[in-house]
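*Asks:* Quick one: the structure is below, and I'll ask about it shortly.
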Amino acid sequence: MHHDISLLTNITVAIVTAFAGGFIARRVGLPTIVGYLIAGMAIGPFTPGFVGDIVDISQLAEIGVIFLMFGVGLHFSLKDLWAVRSVAVPGAVLQMLIATLLGFLLTRLWGWSVGAGLILGFSLSIASTVVLLRGLMDNGLLNTNAGRVAVGWLVLEDLATVGILVLLPVLFAPATENPWMGAGLAIFKVALFVGFMLIIGTRVLRWILDSIIHSRSRELFILAAVAAALGTAFASALLFGVSLALGAFLAGVVLGESEASHQIGNDVLPFRETFAVIFFVSVGMLVNPVYLWENAGQVLALMALIVIGKAIFTQFLGFVLPASGRTMLVVSAGLSQIGEFSFIVGQSGVYLGVLSQDQYSLILAGALLSIMVNPLMFRGIPHAERWLRRFPWLWSRLDRHPPLSHDLALPQADHVVVVGYGRVGQHIVTVLEQLNIPRLVVEIDARRAAEFVAQGVPTLYGDAANSEVLLYAGLPQAQALVVTLPDETATEVVVAAAQSLAPNLPVIARASTTSGVGRITKLGADAVIHPELEGGLEIVRHTLLTLGFPATQVQSYTDAVRHDQYDTTVTTRLEHQLLVQLMQTARGMQIAWRTLPETSPLIGRSLAEVNLRACTGASIIAIIRDQQMLANPKSSTIFRTNDMIGLIGDGHDVAAAEQMITDA
């Protein structure tokens, strides 16, 4: 029987080609989205070789749009937006209006229709969420004051995108229809759907998730999260006639307020990333390289408007916004590009018959080039600031306002870098704080990172396994790196990157499998901890101590097992020697530490006068006094109040010594 595998063929070719393009892009220092778009061009109808089915891939791309908007809603934080509202709200509104106007005026010079000009203007006004977050992350700016303003600004643009997608069908409705009636009906449907989601959808979706959480089925939880994104988007279009994007966004907003939002984000991430890649490939397939070459002047003009024009007028919004000059420089660099939401708006224009495929190709070319240049914009921030400072009259006007909040100072040297702040990482950071050791956390979850900063924990927000954030962690000057990530693959990437940046840095890492212990060790980790096997080793240690074996030699044996990567089959010569020593050692020996109270009869007397060993059989091996250890103290040493005495002997001897120390 012959099976039609055209859909499978298209998916396979799209993903494999995207992987190759993304890999090459990262190798040359470009965002992976550039590779995905070029991969789409390679399998598109305008280039030789294999030609993918645009219809099939476009339908899969719709799923990518749904997951993208679901992710935006999931991470939408009204609290974060409210904190930067004085800059982000007016800034986003003004910037979008100016960008739309400039784009529209440019198309008038080219002779485009009014509708096509408006679509291009809308597309230019919206920056890419993916590119902005990656740029801020790679430059260690995401959880700074400037980064928070940029993200809040972008959230407003994302919300505006939802509104644009809702209104486009109304603005460009057929002439036979009443636009005002159409607009009113569209707004009514949107309001009805939003009310339904906030009142009923919130309770239904959270009830479903709570029920599944209590069932303790991981696969059902993942399926529920995916079903919530796809199901809500589909229902919004079918029942209320609103866009798939709006439905997915509101589903994300509703679930983003639940306690399980972090887990939902983690579980949906692979689906979002995979289908988003197919979306970018589908966009690239629509690019006609021949048209772009023949219209190179228009491509360069559009790129100049996106990269240079948007950066300049966004920077000069600092004249009217209550933001510092440095903040506006970061925002200007981050927003000087367009991306996924511009593609979605452009696609809507093509679908409505307002924009031609060639005109859409022009938007795609502007996005592709602006994304390629965007890393250079971030690197140019310090140079631009130095140049502006050369004109005090100009800089004083741009830098009239202090930052909305002060950034938490990051440690520069002798600190410990902790990647991942789960339960294990939190314990480590707490201990380091108590010991007054500088620490720096690298955390991928935005909400957690914000909480840590609020608690005074120096934090870099970013994916240590998939960005340049480690460059800003000061690894060459650090005392140690601790990787507590549960994802073993991510741990391997972080350890390898750390070895490249700071070869002599001690690295302590976590592994989840026995084979992973060996791989991470080979990558350069000094100590690799397997939590499950560590628990078993701790049971062995307590068992031996209960049987009366000396603590020091038991510790030596467990350290040897760790050094042998948790191999408990006693295969190394060192383990054999230590077990023989344990068998030959007298059991019951103890080491105990006791503090001398004020009423102790030992106070003011010397070790020789007390003669503790002769009286009890226990020996004094050390005294801790004023946080200094006196090992093997001399017989002339005088006991003082609050001295901590180290005793060694069998249980009976140590108990007798304790009695002698405390008797008044």
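*Asks:* For the stretch 88-97, which residues satisfy the criterion of being surrounded by fewer than 19 Cβ atoms within 10 Å (Cβ to Cβ) and in contact with a helix residue (DSSP H, G or I) (Cβ under 8 Å, 6 or more places away or on another chain)?
*Replies:* First pass over the stretch 88-97, keeping only residues surrounded by fewer than 19 Cβ atoms within 10 Å (Cβ to Cβ): 89-90, 93-94, 97.
89, 93, 94 - these are the residues of the stretch 88-97 that are surrounded by fewer than 19 Cβ atoms within 10 Å (Cβ to Cβ) and in contact with a helix residue (DSSP H, G or I) (Cβ under 8 Å, 6 or more places away or on another chain).
*Asks:* Out of the stretch 404-422, which residues are buried (at least 16 other Cβ atoms within 10 Å of the Cβ), at pLDDT 80 or above and under 10 Å from residue 478 (Cβ atoms)?
*Replies:* If the condition is that a residue be buried (at least 16 other Cβ atoms within 10 Å of the Cβ), at pLDDT 80 or above and under 10 Å from residue 478 (Cβ atoms), then 415, 416, 417 are the ones that fit.
*Asks:* Among the helices (runs of 4 or more DSSP H) contained in the stretch 5-77, which hold 2 or more residues that are β-branched (Val, Ile, Thr), within 25 Å of residue 375 (Cβ to Cβ) and not assigned by TED's automatic domain parsing to the domain that holds residue 230?
*Replies:* Values: elements: 6-27, 32-42, 54-74.
Fully inside the stretch 5-77 and qualifying: 6-27, 32-42.
*Asks:* Just to verify a result, which residue in the stretch 593-609, among those that are closer than 16 Å to residue 647 by Cβ and free of Cβ contacts under 8 Å to residues at least 60 places away in the same chain, is surrounded by the fewest Cβ atoms within 10 Å (Cβ to Cβ)?
*Replies:* 593
*Asks:* Select from the stretch 453-466 the residues that are modelled with pLDDT under 80 and surrounded by fewer than 24 Cβ atoms within 10 Å (Cβ to Cβ) and write down the one among them that is nearest to residue 489 (Cα to Cα).
*Replies:* Filtering first and then ranking leaves 465.
*Asks:* Shifting gears a bit: Within the stretch 21-36, work out how many residues are surrounded by 14 or more Cβ atoms within 10 Å (Cβ to Cβ) and either touching a His at 6+ places or on another chain (Cβ under 6 Å) or at pLDDT 85 or above (or both).
*Replies:* 6
*Asks:* Need pairs with beta-carbon distance below 7 Å; first residue assigned by TED's automatic domain parsing to the domain that holds residue 471 and touching a residue at least 60 places away in the same chain (Cβ under 8 Å) and within the stretch 434-445, second surrounded by fewer than 19 Cβ atoms within 10 Å (Cβ to Cβ) and not hydrophobic (A, V, I, L, M, F, W, C); sequence gap 6+ or separate chains.
*Replies:* So the pair list comes out as 445/262.
*Asks:* Hey, any hits in the stretch 642-656 for a residue that's farther than 29 Å from residue 546 by Cβ and without any contact (Cβ under 8 Å) to a residue 12 or more places away in the chain?
*Replies:* no
*Asks:* Can I ask one more? Which pairs do you get when a residue that is closer than 16 Å to residue 201 by Cβ and in a helix (DSSP H, G or I), found in the stretch 253-266, comes within reach of a residue that is modelled with pLDDT of 70 or more and among the aromatic types (Phe, Trp, Tyr), reach meaning Cβ atoms under 9 angstrom, with the pair 6+ apart or on two chains?
*Replies:* Close Cβ pairs (under 9 Å, with a partner that is modelled with pLDDT of 70 or more and among the aromatic types (Phe, Trp, Tyr)) amount to 255/70; 264/221.
*Asks:* For the stretch 485-521, give me each residue that is free of Cβ contacts under 8 Å to residues at least 40 places away in the same chain and in a loop (DSSP other than H, G, I, E, B).
*Replies:* Scanning the stretch 485-521 gives 487, 502, 503, 504, 505, 506, 511, 512, 513.
*Asks:* Anything in the stretch 325-358 that is within 29 Å of the chain's Cα centre (by Cα), at pLDDT 85 or above and in a loop (DSSP other than H, G, I, E, B)? List them, or say none.
*Replies:* Within the stretch 325-358, 336, 337, 338 meet the criteria.
The values are calculated or read from the model by the stated rules, or taken from the named source; none is laboratory data. Predicted model only: the values in this text are computed from it and were never measured. Methodologically, a virtual Cβ is constructed for each residue, glycine included, from the backbone with ideal geometry; neighbour enumeration extends over all protein chains shown.
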